[in-house]
Amino acid sequence: SGFFAAVQEMAAYPASLPARQAMLSSSQALVSRFQAIDERMTEIRSGVNAQITSEVTAINSYAQQIAEINQRIVLAQAVGPNQPANDLLDQRDQLIADLNTKVRATTITQSDGTYSVFIGNGQPLVVGTLPFSMQAIAAPDDPERMIVALRSPNGNTVYMPDSMLTGGSLGGLIAFRRDSLDTAQNALGRIALTLATDVNAQHRLGQDLTGALGGDYFVAASSLVRQPL
């Protein structure tokens, strides 16, 4: 509003140097406001990345513990069919419940009494006594965006699309980034780009006080060209 008010004031009094300077000042204030909002969103994005890394670490811990208890259950029940290892079964059920607070997971009971745990569209997190490992890594096309990959015991790594990671705190973080943060930051960028493009196009049609044709007023939608109007 301040920027457009200054534009109208200058258009009404084109020969007024104070009006021109007021427009330059309001333009710089507008640029600074865009930059401040973008910096704040970038800070939020960094925080989301850190939280995703933390959640992945916790999920790996649960997967490791579930695999270890699976092994202990197999050993306990090998003593005899009447040894159900109830305490271990209860511990495993609690770990599965805790895991689901981090990410949505499903289980399948195997013939030996172990649980296999799956996330996403059936990607394995635990298979019997073998845990898989999740990794939070920088996206190949965007180093500032943390994505999740699944690493198997034999070393194969598969990237997991955000759509596969639902439920729990990890799913909530990814949904917030996709549905809110990305949308807001992209919209901010489009507004800045459109404003700069339209103002520059109009500015190039005018002349300064010496009769020289105007040039670009905004540069790269983020900084101001300090040239006479």
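Points to keep in mind about this one:
- Filter result (surrounded by 13 or more Cβ atoms within 10 Å (Cβ to Cβ) and either in contact with a strand residue (DSSP E or B) (Cβ under 9 Å, 6 or more places away or on another chain) or over 16 Å from SER27 (Cβ atoms) (or both)) within the stretch 207-224: GLY214, TYR217, PHE218, LEU224
- Count of the stretch 173-185 residues which are closer than 14 Å to LYS102 by Cβ and either open to solvent by 40 Å² or more (accessible area, probe 1.4 Å) or in contact with a strand residue (DSSP E or B) (Cβ under 9 Å, 6 or more places away or on another chain) (or both): 1
- Scanning the stretch 1-28 for residues that are among the hydrophobic types (A, V, I, L, M, F, W, C) and surrounded by 13 or more Cβ atoms within 10 Å (Cβ to Cβ) yields a total of 8.
- Test result for ILE52, surrounded by 12 or more Cβ atoms within 10 Å (Cβ to Cβ), under 25 Å from LEU193 (Cβ atoms) and at pLDDT 95 or above: no
- The set of residues in the stretch 85-102 being under 32 Å from the mean Cα position of the chain (by Cα) and assigned to a helix (DSSP H, G or I) consists of ARG92, ASP93, GLN94, LEU95, ILE96, ALA97, ASP98, LEU99, ASN100.
- Test: residue in the stretch 189-202 that is in contact with a Pro (Cβ under 9 Å, 6 or more places away or on another chain) and either at pLDDT below 95 or open to solvent by 40 Å² or more (accessible area, probe 1.4 Å) (or both): no
- Residue selected from the stretch 89-107 under the condition in contact with a Phe, Trp or Tyr (Cβ under 9 Å, 6 or more places away or on another chain) and basic (Lys, Arg), by the criterion most open to solvent (accessible area, probe 1.4 Å): LYS102
- Check on THR129, in contact (Cβ under 8 Å) with a residue 12 or more places away in the chain and closer than 30 Å to PRO161 by Cβ: yes
- Taken across the stretch 28-40, residues that are under 20 Å from the mean Cα position of the chain (by Cα) and of a type in the set (Val, Ile, Thr) do occur, with at least one present.
- Check on GLY171, touching a residue at least 40 places away in the same chain (Cβ under 8 Å) and at positive phi: no
- Within the stretch 193-213, residues that are farther than 20 Å from TYR13 by Cβ reach partners that are open to solvent by less than 100 Å² (accessible area, probe 1.4 Å) and aliphatic (A, V, I, L, M) with beta carbons closer than 6 Å, at six or more positions or on different chains, in the pairs LEU193/ALA221; ALA196/ALA221.
Here is a yes/no grid of residues against (1) in contact with a Phe, Trp or Tyr (Cβ under 9 Å, 6 or more places away or on another chain); (2) modelled with pLDDT of 95 or more:
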{"residue": "ARG151", "(1), (2)": "yes, no"}
{"residue": "THR157", "(1), (2)": "no, no"}
{"residue": "MET160", "(1), (2)": "no, no"}
{"residue": "LEU173", "(1), (2)": "no, yes"}
{"residue": "GLN185", "(1), (2)": "no, no"}
{"residue": "LEU205", "(1), (2)": "no, no"}
{"residue": "ALA212", "(1), (2)": "no, no"}
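- Output for the stretch 73-88, where each listed residue is surrounded by 15 or more Cβ atoms within 10 Å (Cβ to Cβ) and under 15 Å from GLN110 (Cα atoms): ILE73, VAL74, GLN77
- Test: residue in the stretch 65-82 that is within 29 Å of the chain's Cα centre (by Cα) and free of Cβ contacts under 8 Å to residues at least 40 places away in the same chain: yes
- Once the stretch 146-163 is narrowed to residues that are of a type outside the set (Ser, Thr, Tyr) and open to solvent by less than 50 Å² (accessible area, probe 1.4 Å), the residue that is farthest from ARG92 (Cα to Cα) is MET146.
The values are calculated or read from the model by the stated rules, or taken from the named source; none is laboratory data. Since the structure is predicted, the reported quantities are computational estimates derived from the model, not experimental observations. A quick note on method: Cβ atoms are made from the backbone with ideal geometry, for glycine too, and the neighbour counts reach across all protein chains shown. Just so you know, the surface numbers come from the protein's heavy atoms only, side chains and all, with ligands and any DNA or RNA stripped out. Shrake-Rupley method; radii C 1.70, N 1.55, O 1.52, S 1.80 Å.
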